[in-house]
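Chemist: One structure, pasted below without further comment.
The values are calculated or read from the model by the stated rules, or taken from the named source; none is laboratory data. The shown structure was predicted, so the numbers you read here are calculated from the model rather than taken from an experiment. All Cβ positions, even for glycine, are placed from backbone atoms using ideal geometry, and neighbour counts span all protein chains on display.
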Amino acid sequence: MPEEHRIRGRRAADIAADVERAVADGSLAPGSALPPLRDLATELAVNPNTVAAAYRLLRDRGVIETAGRRGSRVLPRPSHTPREQRHIEVPAGARDLADGNPDPALLPPLEEALAYAAAEQRRDPVLYARATVDERLLALARADFEADGLPAGSVAVLSGSLDAIERVLLARLRPGDSVAVEDPGWGSLLDLLAALGLRTVAVRVDDEGPTVADTARALAGGAAALVVTSSAQNPTGAAVSARRAAELRAVLAGHPGVLLVEDDFGHAIADEPYQLLCVDGAGRPVVDSWVLVRSVTKLLGPDLRLALVTGDTATVDRVRGRQRLGAGWVSHVLQRAVAQLWSGGAASRERAAAHYALRRGALVSALAGLGVPAHGRSGFNVWVPVHDETAAVVGLLQRGWVVTAGARFRIASGPGIRITVSRLSEEEIPRLALDIAAVLRTDLDAARGG
């Protein structure tokens, strides 16, 4: 039995609740091993099926992971762990390059758009039984999707990318299904999959996106879904190339029953041309079930929780139907404000993409000149492979830079650090590159015993 906590309970629900309380109060730390199923059943004098049901509940709630003979453990990031507890404290005077935020100076002012939305609400109040999507925003979204070669179809408006992805997965998958995801990949998505009781299958990422061999292996192995970030990938800055997109579409065409989710959260801030996976050159879907999720938060601001979703009619209609039974809809005041900002936002998109490309490119180039490999083809994050994440993070912190350890983004890939360049000045980049090179050199020398 774990020394930190003695599990109690007679029913599956009671056992699961006891473990959840222990995880919440710290008695069972992340990574703690739970007793083998039969051992705990003997200890509690209950049927082994009762403990199995409790562990299943805990897995489905995102509290533990179960790995057959390797046993069950508390997840490194249980689903109810407050996200703010995972961030690094930023000391006074240090530069925060860890938060993954856009540059606030590039976000548009909201006063006029909100005033417009308020006036529209006064002129045309939105009441119950109204369509869930604002007509003007719907027209803008469809024009944007069609410009990228997507067929006209159903559109849903949801509260950001993660909300949209969660609803799509719930509409199509069941706990225990496997989902192929990028590795390294978005930490919040990995947390979400665990919380939904879904299993992750790692797909390696290079500068051109998910590798073909790993994608093919994951789908052939029975993955029920594939989630891909085609540009501005978090944390590596990868962007799917035209060549890679064609190769991935060919793989997907051999697995028409797979659910394809394209997370286009960085559409407005990426300087690389967007490459669709869900449809071929003639606009025909390559799989039966697919969605593209397009968020506005990186361009307009993280607090504007809005994402547009299009896809096959059955999936999008399931998502909209379930939304109606819960939240109902995303506020039309917010939708109208976003439509107003979006309608005049072409210059803002170009300015943001150019700003992030300049900072990202300058850092990658400066590191290359110092013999340090780094990755970042689009967006505002740069990924630097390291030997020891803790040593790299601590070493840079001592020099006044706060970066993110790669552990929260990785499944099986090698260690690295993520650097958010959005608020870096051009003058800071040479010093940052020199500090990264010095820290990594010191770490490598220590590893070699030099």
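Chemist: Only residues in segment 256-280 that are small (Gly, Ala, Ser) count as the first member; pair them with residues that are surrounded by fewer than 21 Cβ atoms within 10 Å (Cβ to Cβ), Cβ under 6 angstrom, at least 6 apart or cross-chain, and list the lot.
Modeler: So the pair list comes out as Ala268/Arg349.
Chemist: In addition: With the condition kept exactly as written, say whether any residue in segment 325-340 is more than 23 Å from Val227 (Cβ to Cβ), surrounded by fewer than 16 Cβ atoms within 10 Å (Cβ to Cβ), touching a residue at least 12 places away in the same chain (Cβ under 8 Å) and of a type in the set (Lys, Arg).
Modeler: no
Chemist: Count, please, the residues in segment 95-146 that happen to be among the small types (Gly, Ala, Ser), within 30 Å of Val393 (Cα to Cα) and crowded, with 17+ Cβ neighbours inside 10 Å.
Modeler: Of the residues in segment 95-146, 2 are among the small types (Gly, Ala, Ser), within 30 Å of Val393 (Cα to Cα) and crowded, with 17+ Cβ neighbours inside 10 Å.
Chemist: Going through segment 313-365 one residue at a time, which ones are charged (D, E, K, R) and closer than 19 Å to Phe265 by Cβ? Before you say what the answer is, go through the steps one by one.
Modeler: Our first condition is that a residue be charged (D, E, K, R); within segment 313-365, this holds for 317-318, 320, 322, 324, 336, 349-351, 359-360.
Across segment 313-365, the qualifying residues are Arg349, Glu350, Arg351, Arg359, Arg360.
Chemist: Cβ-Cβ distance below 7 Å, separation of 6 or more or different chains: which pairs start in segment 417-444 with a residue that is surrounded by fewer than 14 Cβ atoms within 10 Å (Cβ to Cβ) and end on one that is assigned to a helix (DSSP H, G or I)?
Modeler: If the second residue must be assigned to a helix (DSSP H, G or I), the pairs left are Glu426/Ala362.
Chemist: For segment 112-219, list the strands (runs of 3 or more DSSP E) that sit wholly inside it and hold at least 2 residues that are acidic (Asp, Glu); which are they? Steps first, answer last, please.
Modeler: Numbers: elements: 155-158, 178-183, 199-206.
In segment 112-219, the matching strands (runs of 3 or more DSSP E) lie at 178-183.
Chemist: Sticking with this structure for a sec: In segment 238-251, is there at least one residue being in a loop (DSSP other than H, G, I, E, B), in contact with a Lys or Arg (Cβ under 8 Å, 6 or more places away or on another chain) and surrounded by fewer than 20 Cβ atoms within 10 Å (Cβ to Cβ)? Steps first, please.
Modeler: Here is the first cut: in segment 238-251, the ones in a loop (DSSP other than H, G, I, E, B) are 238-241.
Pick out the ones that are also in contact with a Lys or Arg (Cβ under 8 Å, 6 or more places away or on another chain) and you get 238-239.
Among the residues that remain, those that are also surrounded by fewer than 20 Cβ atoms within 10 Å (Cβ to Cβ) are: none.
Within segment 238-251, none of the residues are in a loop (DSSP other than H, G, I, E, B), in contact with a Lys or Arg (Cβ under 8 Å, 6 or more places away or on another chain) and surrounded by fewer than 20 Cβ atoms within 10 Å (Cβ to Cβ).
Chemist: Is there a residue being crowded, with 17+ Cβ neighbours inside 10 Å, in the same structural domain as Asp435 (by TED's automatic domain parsing), more than 15 Å from Ala232 (Cα to Cα) and in contact (Cβ under 8 Å) with a residue 60 or more places away in the chain anywhere in segment 375-392?
Modeler: no
Chemist: If you check every pair at least six apart or on different chains, which have Cβ atoms under 9 Å apart with a residue in segment 89-107 that is without any contact (Cβ under 8 Å) to a residue 60 or more places away in the chain first and a residue that is among the β-branched types (Val, Ile, Thr) second?
Modeler: Glu89/Val402
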